[in-house]
Amino acid sequence: MKFEADSQTLKDLEIFDTVRDGKSVFGLFNFTQCYGGRRMLYQFLSNPLTDLDEIKERRDTAVYFQKYLPSGLDVDKDSLNFTEYYIRHGDCQARIPTWFTALERMVMDRISTNTEYYLVKKGVGSTVGLLKRIYEFSCIPANKPEGNSCPGLLKKNNEKILKVFARPEYAEIMELKRKISSYDSCRLDYMFRCTHRQDILFFLDIVYEYDAFLSIAKAADKYGFSYAEMLPANENSLEIDGLFHPFVEEAIPNDISIGKPSNLLFISGPNMAGKSTFLKALGLSVYLAHAGFPVPAKKMKLSTLSGLCTTINISDNLSSGYSHFYAEVMRIKEVARQLKTHGNMLAIFDELFRGTNVKDAYDGTLAVVNAFTNIKNSFFVVSSHIVEVAKELESNRNIGFSCFEILERDGRPVYTYKLKDGVSEVRLGMYIIWKENLIEAINETGMQK
């Protein structure tokens, strides 16, 4: 089953969109060395997994690269690019190579400026070099003491690779130590681009895959990310220590725990306290964990989910004639549909019903949150600055309450961006209005007239 994450969620979490200072999550992880590796990394990030074994396999492979193979395949980028061009372009030689065709090619290579001869000569040489490097790399895990800890994906790939290299024609290539003759060049060209072309394409895909894994490992090292411990779906657990958003400089880490008996976390606090950034970091970590990627946290333990829905930066839909409030209602309805279809999910809502009056926002938030607590197999996180809603919900045992701490110093609020248990009592709306001299600015404008 495909992990559900719709376009609104991908946009909220900035997985591929460059919203904040031209940054995206994909760009954060993109340390790939070739276009094929970049494409493979994009494919990994586009397709989070729901199968626990597949998630662990991808995660364990990235961990192994980070710990034991920090240089990856270590192939020459220029040679790789030339091999790609050589295999995917140019025509396959129609005739089976003979000594005569080899002599013909050698002569034409000397007297002609035809780039095809250069392409064959250099292409064969770069492909032979690439094959040798892949073969050497596939033997590394078996020769190391930690070979027994080699992840399943690498073992399967190595078995396929070594099975191909066990064939006589490849064994002969591995023994090539001298300059490749014109005859061997013709023969290998016919092999690489005609009879064994699918083998070479398979090896290129291996290179791309390993390039993507090395890129993930580099990101984990650079940003101090960790790998989530994934649990069976029926564990119904979500625990994160030291969660932070990777786009925030010197981000303040926070802890979160959701599970039995409460499956809904209600976060209160005034605007600018850090609620939206925290919700984005939470959603991002859950998404990355299911993709087998490292997460921006010190430690994470999560039961496998079937999807993720976020409603953080929803806007009105002018083309459909939707107001902001109506867009919010339709979004909640869409989330309800996804919950019905996909089962256990994480749904995140930042400030429900901000597009309507306070009374309707209060009543709507209260009704929706109470309804969500009846869905026991999913997690919900809802934020609101309407303190009265939190007070009314406190009797519901299926809800946990957290808030962002605000301290007072010299009569001014100090944002700590730290999440703590409980319900916020802080109201800063009027403070900000007075701090910014809003009323004075309006009065000055009126006096000028």
Take K218 and tell me if it is modelled with pLDDT of 95 or more and either in a strand (DSSP E or B) or under 28 Å from D51 (Cβ atoms) (or both). yes
Quick check on my filter: what residues within region 260-299 are in contact with a helix residue (DSSP H, G or I) (Cβ under 9 Å, 6 or more places away or on another chain) and on the phi > 0 side of the Ramachandran plot? G269, M272, G292
For region 178-189, does any single residue satisfy the condition of being assigned to a helix (DSSP H, G or I), in contact with a helix residue (DSSP H, G or I) (Cβ under 7 Å, 6 or more places away or on another chain) and of a type in the set (V, I, T)? no
Could you grab me the full set of residues in region 68-106 that are among the small types (G, A, S), surrounded by 12 or more Cβ atoms within 10 Å (Cβ to Cβ), at pLDDT 85 or above and assigned to a loop (DSSP other than H, G, I, E, B)? G72
Can you tell which of F26, F31, F65, F44 is outside any helix (DSSP H, G or I) and buried (at least 17 other Cβ atoms within 10 Å of the Cβ)? F31
Taking only pairs six or more apart or across chains, which ones have beta-carbon atoms under 7 Å, a first residue in region 154-177 that is in contact (Cβ under 8 Å) with a residue 60 or more places away in the chain, and a second residue that is surrounded by 14 or more Cβ atoms within 10 Å (Cβ to Cβ)? L154/T61; L154/Y64; L154/P141
In this structure, is K435 farther than 20 Å from I312 by Cβ, modelled with pLDDT of 80 or more, basic (K, R) and assigned by TED's automatic domain parsing to the domain that holds E239? no
Taking region 391-415 as the search range and keeping residues that are among the charged types (D, E, K, R) and modelled with pLDDT of 85 or more, which one is farthest from I256 (Cα to Cα)? E392
Of the residues in region 278-315, how many are free of Cβ contacts under 8 Å to residues at least 40 places away in the same chain and surrounded by fewer than 24 Cβ atoms within 10 Å (Cβ to Cβ)? 1
Is it true that Y35 is hydroxyl-bearing (S, T, Y), farther than 25 Å from F165 by Cβ and modelled with pLDDT of 90 or more? yes
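The values are calculated or read from the model by the stated rules, or taken from the named source; none is laboratory data. These numbers were taken from a predicted model, which means no experiment stands behind them. Please note: Cβ atoms are built from the backbone with ideal geometry, for glycine as well, and neighbour counts cover all protein chains shown.
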